[in-house]
Amino acid sequence: MPKLNRGFITDGGGSGAIFVFDLNTYKVLGRIQTMPDSDGIIYDPGTDLVLAVSGDGNSLMTFHPDIDPNNGKVTTIALGGAPEFLAADGSGKAYINLEDKDLVAVVDLHSNKVLDRWPVASGGHPVGMAIDPSAHHIFIGCRNPQKMIVMNTESGKVEAALFIGLGNDAAGFADGHAFASCGDGTLPVIGKKGSSFEVEQTVKTAAGARTMGLDRSTQQIYLPTAEMLPAAPGHRPQPKPGTFEMVVVSR
């Protein structure tokens, strides 16, 4: 939040928290107690709210960015499923992937109520999400089956379901194109041709590069990854020390 010189980081470990820090010094200003498994977090300028989701708590949490970092109030909205990531349209609605239900929850941020829950068929296990508010579309990255769902934000209608790579975790949108970062080392680029959406290009990135950050000022996409050690039974693979790298994709 540049105008307040504040940043916000979710910490899903333990009982859950959001850390508030100074953007210049990176000093921690406070710790907001939240629900367990606090994960996806965004800022919605339309409502001037920070929005975060709790997977274990099945909830959306909202607060104003000028919150007291140690004693501020957080509003909690029950979603009826485990959220993964979210987007806001700037006019008072938020859209949240319910990973365990194969649904998108639609929340009115003014009344703090769930208005609807829309299925992501023919995708499943929705994780990544990005929004094109001007065209009323959300782009939903799904893992099982691995598809990018294009959904109309006014009706919940699925307008396209495009195959993408394995292990998607994030999505982005800029200048008429959507992106899906996938753990198999691919970055599908989705665009619209006429009245239909299509995968225009698939960029080769690196194995494990399943999350992303999109810098609209430079038109670059940043994808972190590392070499992975063999996974122990029942556990995720761990990164090999000293192998962190950032893959940069220029548009």
Please verify whether Lys93 is basic (Lys, Arg) and free of Cβ contacts under 8 Å to residues at least 40 places away in the same chain, treating the condition exactly as stated.
no
Quickly run through region 20-48 and pick out the residues that are buried (at least 16 other Cβ atoms within 10 Å of the Cβ), out of contact with any Pro (no Cβ under 8 Å at 6 or more places or on another chain), in a strand (DSSP E or B) and not hydroxyl-bearing (Ser, Thr, Tyr).
Phe21, Ile41, Ile42, Asp44
The lone exception for Asp66 - which of (1) touching a Gly at 6+ places or on another chain (Cβ under 6 Å); (2) closer than 20 Å to Leu4 by Cα it fails
(1)
Would you please list the contacts, defined by Cβ atoms under 7 Å and residues six or more apart or on different chains, that run from a residue in region 109-137 that is within 22 Å of Ala171 (Cα to Cα) and of a type in the set (Phe, Trp, Tyr) to a residue that is part of a loop (DSSP other than H, G, I, E, B) and at pLDDT 95 or above?
Trp118/Gly156
Residue in region 176-198 that is out of contact with any His (no Cβ under 7 Å at 6 or more places or on another chain), modelled with pLDDT of 95 or more and within 14 Å of Ala87 (Cα to Cα) present
yes
Looking at region 42-55, is at least one residue within 20 Å of Lys157 (Cα to Cα) and acidic (Asp, Glu)?
no
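The rows are residues; the columns are (1) surrounded by 19 or more Cβ atoms within 10 Å (Cβ to Cβ); (2) among the β-branched types (Val, Ile, Thr); (3) without any contact (Cβ under 8 Å) to a residue 60 or more places away in the chain.
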site: Gly176; (1), (2), (3): no, no, yes
site: Gly183; (1), (2), (3): yes, no, yes
site: Gly191; (1), (2), (3): no, no, yes
site: Thr211; (1), (2), (3): no, yes, yes
site: Pro224; (1), (2), (3): no, no, yes
site: Ala232; (1), (2), (3): no, no, yes
site: Lys240; (1), (2), (3): no, no, yes
site: Val247; (1), (2), (3): yes, yes, yes
site: Arg251; (1), (2), (3): no, no, no
Just to verify a result, which residue in region 108-123, among those that are more than 23 Å from Pro145 (Cβ to Cβ) and part of a loop (DSSP other than H, G, I, E, B), is nearest to the chain's Cα centre (by Cα)?
Leu109
Which numbered condition trips up Gly141, out of (1) part of a strand (DSSP E or B); (2) farther than 20 Å from Glu200 by Cβ; (3) not hydrophobic (A, V, I, L, M, F, W, C)?
(2)
Mind listing whichever residues of region 199-244 are touching a Pro at 6+ places or on another chain (Cβ under 7 Å) and of a type in the set (Ser, Thr, Tyr)?
Thr202, Thr211
For residues that are of a type in the set (Val, Ile, Thr) and not in a strand (DSSP E or B), scanning just region 50-107, find the one that is farthest from Val120 (Cα to Cα).
Ile67
Could you run through region 36-90 and say how many residues are hydroxyl-bearing (Ser, Thr, Tyr) and touching a His at 6+ places or on another chain (Cβ under 9 Å)?
1
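The values are calculated or read from the model by the stated rules, or taken from the named source; none is laboratory data. Since the model is a prediction, treat every value here as computed from it, not as a measurement. Counting neighbours? That spans all protein chains shown, and the Cβs are built from the backbone with ideal geometry, glycine included.
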